[in-house]
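The values are calculated or read from the model by the stated rules, or taken from the named source; none is laboratory data. Keep in mind the model is a prediction, meaning the values are calculated, not measured. Cβ sites come from the backbone with ideal geometry, for glycine too, and all protein chains shown count toward neighbours.
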Amino acid sequence: MPNNNVPVRAVKMQETPQSPDAARTAATAGILQAFALFLHKASEYCGNELMKGQEFTDETSVKKVAENMVKKNKLNVKVDFIDKSNIKNYSKEIQEALGPVARGENAFYTDSYKLAVAPKSKPSLILHELGHAINAHKGKFLKFLQKSRMYVSAVPTALIVLNGLFKRKDDKPNFVERNAGIIGFASFLPTIAEEGLASIRGVKAARETLGKTVNLNPLRRNYLFAWMTYVIAGLGLGVAAKQALMESKKQ
């Protein structure tokens, strides 16, 4: 093992004083990096709180709610609860995606396979996924909200291109550069909205099927933490967009 604790003699070097703009840029970069690390930790916290949250009812009752959601909305969707014993029933091309579900770490709905899955250890997540299925069949606008997440990763690059196209002659920051973080976050708002709507549909269906005797607070709590991970992801995209523009200016 290499020893990195080697004494180093200090060497005095003449430093060129930073200009105010360079100092400001360096400070901004440091703040953005610190905020990005904070967001990463916050997302991990919300995810952990979601997965360790208690279920609001038993698996049988959850299945009853899910069946009513499928029937009422005339969904052509297969609903399944995944663990290590039944994951092998699926084709190899989808088993990789089902791995985190079997481990109790994820749930998802895929429109291409017409499949909604949740962990057997966390069955109530299926109601949120069926909320996505309903959104996918409730008109073009909701479909757009759902599909928009496919393109958000390209936002930082798109902003760099736009910033170059609308560069000011006086070399001062243009609208894109000044508002890169806000634009980045705004591009994720359709996803945040669609995720929230999916959860609302799940909670509403649980109330309609099981009545007022069931305590839905644990379900609302879990869905809130799930939704917060998307809000955090949106903030992260805003940070990434701002960082991308700052890096492009160095080149």
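Brief remarks follow.
- When N163, N174, N179 are checked against the criterion of being among the polar types (S, T, N, Q), touching a Phe, Trp or Tyr at 6+ places or on another chain (Cβ under 8 Å) and over 25 Å from L98 (Cβ atoms), N174 stands alone in meeting it.
- Within region 94-144, tally of residues that are outside any loop (DSSP other than H, G, I, E, B), of a type outside the set (A, V, I, L, M) and in contact (Cβ under 8 Å) with a residue 60 or more places away in the chain: 5
- Just one of (1) touching a strand residue (DSSP E or B) at 6+ places or on another chain (Cβ under 6 Å); (2) over 26 Å from T209 (Cβ atoms) fails for A29. It is (1).
- Exclusive hit being among the basic types (K, R) and in contact (Cβ under 8 Å) with a residue 24 or more places away in the chain, set K242, K212: K242
- The one condition in (1) among the small types (G, A, S); (2) modelled with pLDDT of 95 or more; (3) within 13 Å of the chain's Cα centre (by Cα) that S199 fails to fulfil: (3)
- In region 77-88, residue modelled with the lowest pLDDT [restricted to those that are under 26 Å from the mean Cα position of the chain (by Cα) and loosely packed, with under 12 Cβ neighbours inside 10 Å]: K84
- Screening region 130-145 for residues that are within 17 Å of the chain's Cα centre (by Cα) and surrounded by fewer than 22 Cβ atoms within 10 Å (Cβ to Cβ) and picking the one that is farthest from A102 (Cα to Cα) gives F144.
- Close pairs (6 angstrom Cβ cut-off, 6 or more residues apart or separate chains): among the polar types (S, T, N, Q) in region 223-239, surrounded by fewer than 20 Cβ atoms within 10 Å (Cβ to Cβ) anywhere: T229/S43; T229/C46; T229/G47
- Scanning region 91-119 for residues that are exposed (fewer than 14 other Cβ atoms within 10 Å of the Cβ) and touching a strand residue (DSSP E or B) at 6+ places or on another chain (Cβ under 7 Å) turns up just one, K114.
- G53 being touching a residue at least 12 places away in the same chain (Cβ under 8 Å), within 15 Å of K120 (Cα to Cα), out of contact with any Asp or Glu (no Cβ under 8 Å at 6 or more places or on another chain) and crowded, with 18+ Cβ neighbours inside 10 Å: yes
- Within region 56-69, the set of residues being surrounded by 10 or more Cβ atoms within 10 Å (Cβ to Cβ) and outside any loop (DSSP other than H, G, I, E, B) comprises E59, S61, V62, K63, K64, V65, A66, E67, N68, M69.
- Residues being free of Cβ contacts under 8 Å to residues at least 24 places away in the same chain and under 30 Å from F108 (Cβ atoms) - total across region 157-185: 1
- Here K72 passes the criteria (1) within 30 Å of L235 (Cβ to Cβ); (2) exposed (fewer than 14 other Cβ atoms within 10 Å of the Cβ) except the one numbered (1).
- Selection within region 149-189: residues that are among the β-branched types (V, I, T) and modelled with pLDDT under 95. The member of this set that is nearest to G234 (Cα to Cα) is V152.
- Set side by side, the residues S61, S91, S112, S43 differ, and just one is of a type in the set (S, T, Y), within 28 Å of I232 (Cβ to Cβ) and more than 17 Å from the chain's Cα centre (by Cα), which is S112.
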